[in-house]
Amino acid sequence: MTSSQIPHHHQPGAGAIRCDVNNLTVQSRNDLDHHLISNSNHDVTSHHNDVKKTSPYDVTKPPRYDVPQPTPHAPTSHFDSNVEVSGPQGGDLWESTPLLEPKDTASYARRWYVLGVFSLAAAIQGGGWATWGPITQSAKAVFGWSDASVALQPLWGNLAYILVMVPVTWLMDVKGLRIAMVFSAFSLAVGFSLRCVSTDPNTATWCINIGQILIGVGGSVPFSGVSLIAATWFCPNERATATAIASIFSYVGVSASFIVGPLLVPALPNTTETGSWNISLNSESNFTNLTEAGLAGFLLLLILVYFPAKPPRPPSRTASLPRTEFGKGVRALLKNRRFWIIAVAYSVPVGTYGAFGGIMDIDLNPTGISQTTAGWLGFYSTIGGCVASLMASRVADLFMRRLKLLLLLLFVGAAGALVWFCLLVLQYIHFDLVSVYASSILTGVFVNGGIPLFYEAACEVTYPVAEGVTTGVLTALNNIVGVVFFALLFVPGIGVAWMNWMLLGTVLAALPLLLMLREHYARIDIDTANMEIDVPDPST
């Protein structure tokens, strides 16, 4: 498309940017400097090396940032309000090569292999993180653990993630996905192997706790890199779907633990003769540990053999453009009001629900529901959420710029389902198992169904901050909420009723935040060749 082919039915207003895809023609208004300096967070006169280093794709010539000097009559802006920069005469504002035409992008079949390996890592880590919640009663009997000891196991994973989030997001941003995935898979392999060291209760307890920490470290890339792998390998009309696939496999692993654990680990016997039961438990749990360690080793082998950092050609225009340098990107997130609305609306309810699901048996045990039944409840709820994630994300890909509406619909449904669930479990209304199943599954469908939409919405409002940085901060906040939830179980005499009210309250609190959110789609506007792009200062 040439300059003459740019649509003229809409004239850009203040702050709008009109880009010629071939010649990178940019017409600026008063806030052009905010978009290019604040939004990209690069020193436009001196950071060529930083931009080249962080760009996911090589360019034919080094980027130049020859920006016009401010005019005396525009003291509030670095640029004249009517300045027009076109090609080499005015200096390229993004890079010296033009934005990519569709023919310069490519979609490779191998993207599904890469996504599959990434998703396998997420599933293995999710299963390891949630191992002990579904077999709470058995673990307490064999190891002498309390409810707090059981809650400590997933808590280690959350704490470990928070501690490694910054170096891991830096690793993804600077060194690329391959190096980051090797690190993640190695941590998982060692963490699962530690579970196989001993069946002695005391020794096993130490090894299990250390292993849980390493499994939490190993989950840092599969959990925070979902939007990055989607942006790196998938075209715009597949990004939300790829994000959903990458994110739901963590929950597939969690749901598998709800079934595999109770099936393999013998239930607590009704008699006092527990000697043979303990022997059976040790045998079955050791077999499970060996199987998980073998899967983690296989994952590491797959990544070492083939897991490229990026495809030969980018799948979209924005995939070819440089991202904000890591430190400046983090600072931009801290100042971005839209991002914080999304982050709180996502992390508080989703973090609470994730922690709740990991120890659902503790909440349901006073109602007389067995750990096996609680496991099936968790399984169906999580699988329902996974299916809903795929469906909602596919709708988001087909009808772009509708993320806010979809999230509002999902969370209204989640609030209704949780009111029903809480009233049942706390027995304010007639308690029956069918209703518990229905309300629990609907809660999973509505809460987990919105997770990939939150990731995509956050990446849109923070672009050009790297997707791994944005999602890394989101998921770190998610884990912080989980830590708070688990920590409350250590309060003496606190009981379990608060778990239900806290979960309901967090979902209700997200609704006004979503209503406040002003939608913004920076990447989609560029990738869909919308020539008039309104990109505000990311710190507002």
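Can you give me the P(r) profile for the range 159-224? Cα pairs, bins 10 angstrom wide beginning at 0, each as a whole percent.
24, 45, 22, 8, 1
So if I take the centroid of the Cα atoms in the range 152-169 and the same for the range 358-382, what is the distance between those two points in Å?
That distance is 25 Å.
Starting from the Cα of residue 515, step 7 Å toward the Cβ, then list every residue of the range 330-373 with an amide N under 16 Å from that point.
Residues 345 qualify, since their backbone N sits under 16 Å from the label point.
Quick one: compute a quarter of the convex hull surface over the Cα atoms of the range 192-261 and quote it in nm².
Hull-based average projected area comes out at 5.6 nm².
Please turn the phi angles of the range 477-487 into ³J(HN,Hα) values with the Karplus equation 6.51 cos²θ - 1.76 cosθ + 1.60 (θ = phi - 60°), one per residue in order, whole Hz, x for glycine and proline.
5, 4, 5, 4, 4, x, 4, 4, 4, 5, 4
Give me the 1.4 Å probe accessible area per residue for the range 116-241, excluding ligands and nucleic acids, in Å².
In whole numbers, the range 116-241 has 29 Å² accessible per residue.
Can you give me the Cα centroid spacing of the range 463-487 and the range 170-237 in angstrom?
16 Å
Starting from the Cα gyration tensor of the range 114-183, take the square roots of the eigenvalues, sort them a ≥ b ≥ c, and report rounded, prolate or oblate (rounded when a/c is under 1.5, otherwise prolate if a/b is larger than b/c, else oblate).
In terms of gyration-tensor shape, oblate.
Taking Cα centroids, how far is the range 425-458 from the range 307-342 in Å?
Here the answer is 32 Å between Cα centres.
How are the alpha carbon pair distances in the range 116-243 distributed across 5 Å bins from zero to the largest one, expressed in percent?
2, 11, 19, 21, 16, 12, 8, 6, 3, 1, 0
Please list 3J(HN,Hα) in residue order for the range 121-128, calculated via the Karplus relation 6.51 cos²θ - 1.76 cosθ + 1.60 where θ = phi - 60°; whole Hz, with x for glycine and proline.
4, 5, 5, 4, 5, x, x, x
Given the peptides 142-151, 115-124, arrange them by the average over their residues of other C-beta atoms within 10 Å, most packed first.
Numbers: 142-151: 17.7, 115-124: 23.0.
The most tightly packed comes first, giving 115-124, 142-151.
Which of the peptides 349-362, 474-487, 448-461 is most tightly packed, and how do the rest follow, going by the mean number of other Cβ atoms within 10 Å of each residue? Could you put the intermediate results ahead of the total?
Details: 349-362: 25.5, 474-487: 22.7, 448-461: 27.4.
Going by the mean number of other Cβ atoms within 10 Å, highest first, we get 448-461, 349-362, 474-487.
Please give the contour-minus-distance gain from residue 305 to residue 206: 0.36 nm per residue of separation, less the Cα-Cα distance, rounded to one decimal in nm.
Roughly 32.3 nm would be gained on extension.
Assuming 0.36 nm per residue, please report the length gained on full extension of the stretch residue 405 to residue 198 beyond their Cα-Cα distance.
Result: 69.4 nm gained on full extension.
Can you list the HN-Hα couplings for the range 445-453, worked out from phi with the Karplus curve (6.51, -1.76, 1.60; θ = phi - 60°), rounded to whole Hz and with x for Gly and Pro?
For the range 445-453, the Karplus-derived couplings read 4, 7, 6, 6, x, x, 4, x, 5 Hz, x marking Gly and Pro.
Give me the number: length gained by fully extending residue 387 to residue 108, i.e. 0.36 nm times residue separation minus the C-alpha to C-alpha distance, one decimal in nm.
Result for the pair: 97.9 nm of gain on full extension.
The values are calculated or read from the model by the stated rules, or taken from the named source; none is laboratory data. The structure presented is a predicted model; accordingly, all values stated were derived computationally and were not measured. FYI the Cβ positions are ideal-geometry reconstructions off the backbone, even for glycines, and counts take in every protein chain you see. Just so you know, the surface numbers come from the protein's heavy atoms only, side chains and all, with ligands and any DNA or RNA stripped out. Shrake-Rupley method; radii C 1.70, N 1.55, O 1.52, S 1.80 Å.
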